[in-house]
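Working notes for the structure below.
The values are calculated or read from the model by the stated rules, or taken from the named source; none is laboratory data. Bear in mind the structure is a predicted one, so any value in this text is a computation, not a measurement. Every residue, glycine among them, receives a Cβ derived from its backbone with ideal geometry; neighbour counts consider all protein chains shown.
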C-alpha cells in the first residue's frame with residue numbers, strides 16, 4: 001500500500017516536471033524542416049561535387065549560399081506557420097523570444113564568412129560554419145529537447161577538426177555536406193519524437209502507480 005502511494009506521488013511529481021518543461025519548451029522549430037534542410041545540403045554537395053559543376057570559388061559560394069538560404073526559408077517559414085496557425089502560439093509575439101538566441105551566431109557567421117573570403121581563406125569556411133551551427137544549437141538547449149546539445153557538440157567538434165587538424169579544400173563539398181546532413185537529420189528526429197517519448201513515459205509511470213495502488 002505504501003509502495004503504491006510512493007509510485008503515485010512520483011508520477012505526480014514527474015507530471016508536474018513535464019508540465020513545467022512543456023511551458024518552457026519552444027515548439028516553433030519543425031523537425032521535418034530541419035531534416036529537409038539537411039537533405040538539401042546533401043543534395044547541394046552532390047551537385048557541387050559533380051564534374052559538370054563549375055570548379056570555381058564563386059560557383060561554390062553560390063551553391064552554399066543557396067543551401068543556407070533554402071534552410072533559413074524552410075525553418076523560419078515553418079516557424080511562421082506555427083506562430084500564425086498553432087492554437088498554442090496564440091500569435092503572441094513573446095512566444096518568439098527564444099529565436100533571439102540564434103541571431104548572434106548567425107550574424108557572427110555572416111561577418112566571419114565575408115571576412116574570410118576577403119582574405120582568401122576559403123578553406124576555413126567549413127570549420128567556422130560548423131562551429132557556429134553548433135553554438136546556435138547550444139543556445140537553444142534550454143527551450144528545446146535536452147538532447148539537442150549533442151547536435152551542438154557534434155557540429156562544434158566537426159568544426160574544430162576542420163579548423164585545427166585537417167582543413168578541407170573549399171571546392172570539396174562532401175565533408176561539410178555529409179556532416180550537415182547527419183546533424184540536421186539527427187536534430188529533426190530529436191525534435192519530432194521527443195514530445196511523443198515524454199508523453200509515453202508519463203503514461204507508463206501513471207499506469208505503474210495505479211497498478212501498485214490497486215494491488
Sole exception among (1) buried (at least 16 other Cβ atoms within 10 Å of the Cβ); (2) within 23 Å of residue 26 (Cα to Cα); (3) at pLDDT 90 or above for residue 124, by number:
(2)
Would it be correct to say that residue 115 is surrounded by fewer than 20 Cβ atoms within 10 Å (Cβ to Cβ), at pLDDT 95 or above and assigned to a helix (DSSP H, G or I)?
yes
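Conditions (1) part of a helix (DSSP H, G or I); (2) crowded, with 18+ Cβ neighbours inside 10 Å; (3) at pLDDT below 95; (4) touching a helix residue (DSSP H, G or I) at 6+ places or on another chain (Cβ under 9 Å), marked per residue:
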residue: 96; (1), (2), (3), (4): yes, no, yes, yes
residue: 99; (1), (2), (3), (4): yes, no, yes, yes
residue: 111; (1), (2), (3), (4): yes, no, no, no
residue: 128; (1), (2), (3), (4): yes, yes, no, yes
residue: 134; (1), (2), (3), (4): yes, yes, no, yes
residue: 146; (1), (2), (3), (4): no, no, yes, yes
residue: 153; (1), (2), (3), (4): yes, no, no, yes
residue: 161; (1), (2), (3), (4): yes, no, no, yes
residue: 170; (1), (2), (3), (4): no, yes, no, yes
So residue 15 fits all but one of (1) surrounded by fewer than 16 Cβ atoms within 10 Å (Cβ to Cβ); (2) modelled with pLDDT of 85 or more; what number is the exception?
(2)
Would you mind stating whether residue 87 is assigned to a loop (DSSP other than H, G, I, E, B), within 28 Å of residue 142 (Cβ to Cβ), over 15 Å from the mean Cα position of the chain (by Cα) and without any contact (Cβ under 8 Å) to a residue 24 or more places away in the chain?
yes
Residues 39, 56: which one is out of contact with any strand residue (DSSP E or B) (no Cβ under 7 Å at 6 or more places or on another chain), modelled with pLDDT of 95 or more and closer than 19 Å to residue 192 by Cβ?
39
Of the residues 42, 68, which single one is surrounded by 13 or more Cβ atoms within 10 Å (Cβ to Cβ), closer than 18 Å to residue 183 by Cα and free of Cβ contacts under 8 Å to residues at least 12 places away in the same chain?
68
All but one of (1) assigned to a helix (DSSP H, G or I); (2) more than 15 Å from the chain's Cα centre (by Cα) hold for residue 181; state the number of the condition that does not hold.
(2)
